[in-house]
Amino acid sequence: MVTLICATHRPLNQTQKVVNAYSNLLENKGVEHKVFSLEDLPESFFSGVPFSGTSLGLQSVLDTFIVPSQKLIIISPEYNGSYPGIFKAFLDSVKPSIWHGKKAALVGVASGRAGNLRGMDHLTDVLHHLKVEVHSAKVPLSQIDALFSDDGTLDHTETLKVLENQWNVFEAF
């Protein structure tokens, strides 16, 4: 199974729109997948979990989205030249062995010109430390606001083609 991860919890974020477009792509290809947004983390997430064990709410998230997935597609916005701290906190709150042996594809989202390249590099380093294999076909999406139609959907033909190309090579990885 594949899990798409929206690596931010900011309300009304642009990253979720990219996740939705990727989910549609996988659905059209008949790929079994789930979508996990950090907005769905339990309220108890920050309540000492890394030091006192996994809360029931967090364990449910792990059992639903992370443990059964062999492949992760992490779509992350750029926050201060990297990826969101909430995602790092999520990674830190989970036993490292849960990540071991998984494969990941990365998509960076930014309103600027670099498409979160630096953030994807930082995230790659952390994922490698957790023994996650990161596919080399990273997708930096720059000037993200210009890629959406008036109704807020990602329908930019070239971008959708890049995401499909990433999936095609990641599927065989």
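Readers should treat all values here as calculations from the given coordinates under stated rules, not as data from a laboratory. Because the structure is a prediction, the values reported are computed rather than measured. Reconstructed Cβ throughout: ideal geometry from the backbone, glycine too, with neighbour counts over all protein chains shown.
So what's the back-of-envelope 222 nm ellipticity for the chain, counting only DSSP H runs of four-plus at -39500 (n - 2.57) apiece and dividing by all residues, rounded to 500? Counting only the DSSP helices, I get -10000 deg cm²/dmol.
Applying a threshold of 27 Å to the alpha-carbon distances of K29/K95; K17/K131; K17/K95; K34/K138; K17/K161; K29/K88 flags K29/K95; K17/K131; K17/K95; K29/K88 as lying beyond it. Note on Q143 and N168: their simple-model spin labels are 2.6 nm apart, each label 7 Å out from Cα toward Cβ. Seen from L91, the other residues with C-beta closer than 14 Å to its C-beta sum to a net charge of +2, counting Lys and Arg as +1 and Asp and Glu as -1.
Here the range 2-171 carries DSSP beta bridges of which approximately 10% are antiparallel, counting only pairs with both residues inside. Test of the criteria: in the range 118-173, which trypsin sites (Lys or Arg not before Pro) are in a DSSP loop and have at most 16 other Cβ atoms within 10 angstrom of their Cβ? Here the trypsin sites (Lys or Arg not before Pro) that fit, given the DSSP loop and packing criteria, are K131.
Counting Lys and Arg as +1 and Asp and Glu as -1 over every other residue whose Cβ lies under 12 Å from the Cβ of S76, the net charge comes to +2. The aspartates and glutamates whose alpha-carbon is closer than 20 Å to the alpha-carbon of K71, local same-chain residues fewer than 8 away aside, are E27, E32, D40, D63, D92, D121, D125, E133, E164, E171. Loop only by DSSP, 16 or fewer other Cβ within 10 Å of the Cβ. Give me the trypsin sites (Lys or Arg not before Pro) in the range 1-94 that pass, ordered by residue number. Answer in residue order: K29. With both labels modelled 7 Å from their Cα along Cα-to-Cβ, the E27 to D150 distance reads 2.4 nm.
Across the chain, C-alpha contacts under 8 Å between residues 6 or more apart give a mean separation that, scaled by the residue count, equals a relative contact order of 22 percent.
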